[in-house]
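The values are calculated or read from the model by the stated rules, or taken from the named source; none is laboratory data. Because the structure is a prediction, the values reported are computed rather than measured. Glycine also receives a Cβ, built like all others from the backbone with ideal geometry; neighbour counts cover every protein chain displayed.
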Number of protein chains: 2
Amino acid sequence: MNHNEIKLFSPATVANVACGFDVLGLCLDTVGDEMVIRKVDKKGIRITKIEGFKLPFETELNVAGVSALAMYQELQPDCGFEIEIKKNIKPGSGIGSSAASAVGSVYGINALLGSPLNKTQLTRFAMKGEALASGSEHADNIAPALFGGFTLVKSVNPLEILQIPSPDNLYVTIIHPQIEIKTAISRAMLPKNVALQDAVTQWANVGSFIHSLHTSDYPLMKRSLHDVIIEPHRSKLIPHYDEVKKQTLNVGALGTNISGSGPSIFSLCEGIKTANQVKDVMRKIYSNTGIDFDIHVSKINTKGVKVL
Amino acid sequence: MNHNEIKLFSPATVANVACGFDVLGLCLDTVGDEMVIRKVDKKGIRITKIEGFKLPFETELNVAGVSALAMYQELQPDCGFEIEIKKNIKPGSGIGSSAASAVGSVYGINALLGSPLNKTQLTRFAMKGEALASGSEHADNIAPALFGGFTLVKSVNPLEILQIPSPDNLYVTIIHPQIEIKTAISRAMLPKNVALQDAVTQWANVGSFIHSLHTSDYPLMKRSLHDVIIEPHRSKLIPHYDEVKKQTLNVGALGTNISGSGPSIFSLCEGIKTANQVKDVMRKIYSNTGIDFDIHVSKINTKGVKVL
């Protein structure tokens, strides 16, 4: 590999972490795409290779391409870039597949240009890719994929992302039931208005959860990882959700909730042992359903996207 | 003073701190009631002295009496208690007058009995006094008065109070315009339902504010001390609120919001100098209104109620 080429791991992520709908995300360590970004003489952005899943090669129709192009047009460098994507994260799984592609391309191009932009600036460009994928510019998965760890998107305008510390022994177990949930239906499940009392409960939990991360207080995490606003609606779209939730909590998960807008379900766990027990429980439940699924166990990835 | 008598400072407090409606409170250092609790042979709870403001001497009609009685009936000690109250916090001011009375009595009796109860247990009994004063058992002012510093009432059932750290150089300037806001009217101003988008903004701010306290990040505090849910409604009940808010922020306040359900208005400030400038601004605005007012400048009181 030469200096004009960079190989990256761009991680999968969980958005809408429990109480933190639209603001809290986390980064996974063992699941992600591999991408190669290559600096070339010929100007422009080209997608030259896509493995794993069928995605468009046209720059303007590809999430990685759109993000790269937005940044390229802003920076106007005297060169071009080729993008190779080895897609490991299945699109539509609810673990930030499009964000991983978007993040990899902007991070890689920035690195090859000598890192003129910071991560918040990169987030802005990567959000253009998200807009292509989901119809709205959001940073829910972009932020944790770029920054790593837990992120809180304090606001989108102006864009402000906070990195929240987390204890070392925190693991995620995540199951992806291979069903499709249409974005339009998932959106339609969101309440437009919520009871003030429920909103208060939710922000008490958000505040408590942030405090628990700062203090490495696992029991408090467990008591804070509740979503009284979104989960009651969206969980209906995920088969066997209640059963997975109940049984994973029974074997010690700190919390079990919807990843992003689903269909993936994630559990936060203290320690690898519990994370693996949660995995066994998830597998057992879904093995009897006829629905295909993947399960991953991962530490929290505190670095985010990285050079391989 | 003998071993059967204890003299206390029971502090004023700010509830509903900005984004933290119903959950976030803070404790003041320079404003509070003085109370004497005396252990006597004669069983029962008696209010023997009240100075400062006219309040009922009947135990069952007095906030300090009701709180003490609830605790007394639970513990059934082989003695009685007399309570003297030197009331400095004007009832109805919105800085936790009733909470200070309730906290002083339960804290003092507990101390004289050898501290059989912890602060969370004391909160439960003090909440009985709040119920007498406001019609609902809430811990918004009780928690910071007992624990000190910033508190987050994570939940009321079961009762769980978190102590949030705060930086040393944080000051509160608070103005009490001496007008009466009827509790019923203040309650009626609360929306029953809120837009999901506003709720998300609010919990992003709660999360950010907790993070800012942990990291002593004053600029982030400033960006987080916003209330998009309650302030737009309740601020209408407080004359010159918008002007106070605008001008205090102009001279450097980190945030200016309604204390409790008003009418007091508080500003959080980095450093005593800014806190005094905020005081000058508040005084200037209210001096021209014909409305009587008090202004206090205080550090955050990290200890809460204390023995004098």
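For every residue, the table says whether it meets (1) within 20 Å of the chain's Cα centre (by Cα); (2) basic (K, R); (3) surrounded by fewer than 20 Cβ atoms within 10 Å (Cβ to Cβ).
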residue	(1), (2), (3)
B:M35	yes, no, no
B:G44	no, no, yes
B:I50	no, no, yes
B:F57	no, no, yes
B:M71	no, no, no
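Number of residues in segment B:82-131 that are outside any loop (DSSP other than H, G, I, E, B) and not hydroxyl-bearing (S, T, Y) equals 27. Within segment B:301-308, the presence of at least one residue that is closer than 30 Å to B:E5 by Cβ and modelled with pLDDT under 95 is confirmed. When A:G114, A:G92 are checked against the criterion of being assigned by TED's automatic domain parsing to the domain that holds A:A15, at positive phi and at pLDDT below 95, a single residue qualifies: A:G92. For A:K154, are the conditions met, namely being within 14 Å of another protein chain (Cβ to nearest Cβ), surrounded by fewer than 24 Cβ atoms within 10 Å (Cβ to Cβ) and not in a helix (DSSP H, G or I)? It is true that A:K154 is within 14 Å of another protein chain (Cβ to nearest Cβ), surrounded by fewer than 24 Cβ atoms within 10 Å (Cβ to Cβ) and not in a helix (DSSP H, G or I). Suppose we filter segment A:180-194 for residues that are surrounded by 15 or more Cβ atoms within 10 Å (Cβ to Cβ) and either within 17 Å of the chain's Cα centre (by Cα) or more than 11 Å from every other protein chain (Cβ to nearest Cβ) (or both); how many remain? Qualifying residue count for the region: 3.
Considering segment B:207-232, and only residues there that are assigned to a helix (DSSP H, G or I) and more than 10 Å from chain A (Cβ to nearest Cβ), the residue that is nearest to B:V23 (Cα to Cα) turns out to be B:E231.
Okay, residues lined up against (1) of a type in the set (G, A, S); (2) in contact (Cβ under 8 Å) with a residue 60 or more places away in the chain:
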| site | (1), (2) |
| --- | --- |
| A:D242 | no, no |
| A:V251 | no, no |
| A:G260 | yes, yes |
| A:S267 | yes, yes |
| A:G271 | yes, yes |
| A:Y286 | no, yes |
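The residue list A:G114, A:G104 contains one member that is free of Cβ contacts under 8 Å to residues at least 12 places away in the same chain and of a type outside the set (S, T, Y), which is A:G114. The test for being on the phi < 0 side of the Ramachandran plot, in contact with a Ser or Thr (Cβ under 6 Å, 6 or more places away or on another chain) and not in a loop (DSSP other than H, G, I, E, B) does not hold for B:S235.
Per-residue answers, yes or no, for (1) in a loop (DSSP other than H, G, I, E, B); (2) under 23 Å from B:N88 (Cα atoms); (3) touching a Gly at 6+ places or on another chain (Cβ under 7 Å); (4) of a type in the set (V, I, T):
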site: B:K246; (1), (2), (3), (4): no, no, no, no
site: B:N257; (1), (2), (3), (4): no, yes, no, no
site: B:S261; (1), (2), (3), (4): yes, yes, yes, no
site: B:F266; (1), (2), (3), (4): no, yes, no, no
site: B:N276; (1), (2), (3), (4): no, yes, no, no
site: B:M282; (1), (2), (3), (4): no, yes, no, no
site: B:Y286; (1), (2), (3), (4): no, yes, no, no
site: B:H296; (1), (2), (3), (4): no, yes, no, no
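Taking strands (runs of 3 or more DSSP E) as the structural unit, those lying wholly within segment B:1-54 and holding at least 3 residues that are in contact (Cβ under 8 Å) with a residue 60 or more places away in the chain correspond to B:5-14, B:24-40.
The set of residues in segment B:161-176 that are within 14 Å of another protein chain (Cβ to nearest Cβ) and in a strand (DSSP E or B) comprises B:I161, B:L162, B:Q163, B:I164.
Counting just the residues of segment B:195-206 that are surrounded by fewer than 21 Cβ atoms within 10 Å (Cβ to Cβ) and either facing chain A (nearest Cβ under 7 Å) or among the hydrophobic types (A, V, I, L, M, F, W, C) (or both), which one comes out nearest to A:V156 (Cα to Cα)? Only one residue tops the list, namely B:L196.
Among the residues of segment A:213-234, not one is closer than 16 Å to A:G262 by Cα, surrounded by 18 or more Cβ atoms within 10 Å (Cβ to Cβ) and without any contact (Cβ under 8 Å) to a residue 24 or more places away in the chain. If we scan segment A:243-251, do we find a residue that is among the charged types (D, E, K, R), touching an Asp or Glu at 6+ places or on another chain (Cβ under 8 Å) and either surrounded by fewer than 20 Cβ atoms within 10 Å (Cβ to Cβ) or within 12 Å of another protein chain (Cβ to nearest Cβ) (or both)? Checked segment A:243-251: no residue is among the charged types (D, E, K, R), touching an Asp or Glu at 6+ places or on another chain (Cβ under 8 Å) and either surrounded by fewer than 20 Cβ atoms within 10 Å (Cβ to Cβ) or within 12 Å of another protein chain (Cβ to nearest Cβ) (or both).
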